[in-house]
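Q: The structure that follows is given in the form of structure tokens.
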């Protein structure tokens, strides 16, 4: 597998995404007024219950969900076969053009913030400790009940756009490491952003999230911190 995203070139890709996404953040917050729906309390892993561990990794604008590949039955997520040697998989979701452009120009940023657009899943396979693979990111560990974890996996797998044979539609290599983009059938827009998508998945898993009000990664991570433990704190502001 390729090295984790900590060399200068890989750090530059992530830095560009963070820098250019600041404008998108402003645009989304300006146009978005959302009403909160009641949170469904399904619960995290309870004492003496065998659950599953996941991680939430902040990339400055959005967060990725990291799961252990061995915890997921292949039939529940067929695209696991594309990462046969991975110990962990990180999943992100977002605007198709914006996400696939390491240094997006103003037009892509504006479109992603204001218009309904196509979307993609970004999957990264890696080995080793999560905090070592993402040494410059805030990371929160979450413990899910087994049934909640199964619902989260079904949620992620259900976001793929599939062909007539049920195969996920591959779009090409991802942004760093052993990663790939896949087309999603969902639509990205101001009311359905990357952080809303992630919060919805965590809510499906049983955590008390209100996706419509989780607009920024800061709010997402702060809320997740109430249910989990900090593995790596947020890096200091530049």
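Q: Report the full-extension gain for the segment residue 70 to residue 219: residue separation times 0.36 nm, less the Cα-Cα distance, to one decimal in nm.
A: Once the chain is fully extended between residue 70 and residue 219, it gains 50.7 nm.
Q: Testing the spin-label approximation: label points 7 Å from Cα along Cα→Cβ at residue 170 and residue 87. State their distance in nm.
A: So the label points at residue 170 and residue 87 sit 2.5 nm apart.
Q: At R0 = 30 Å, how high is the FRET efficiency between residue 147 and residue 118 if r is their beta carbon distance? Nearest 0.05 is fine.
A: Working from the Cβ atoms, E equals 0.40.
Read-outs throughout are calculated quantities, based only on the coordinates presented, and are distinct from any laboratory measurement. None of these values were measured; they are calculated from a predicted model. Quick reminder, even Gly has a Cβ in these numbers, built from the backbone with ideal geometry, and neighbours come from all protein chains shown.
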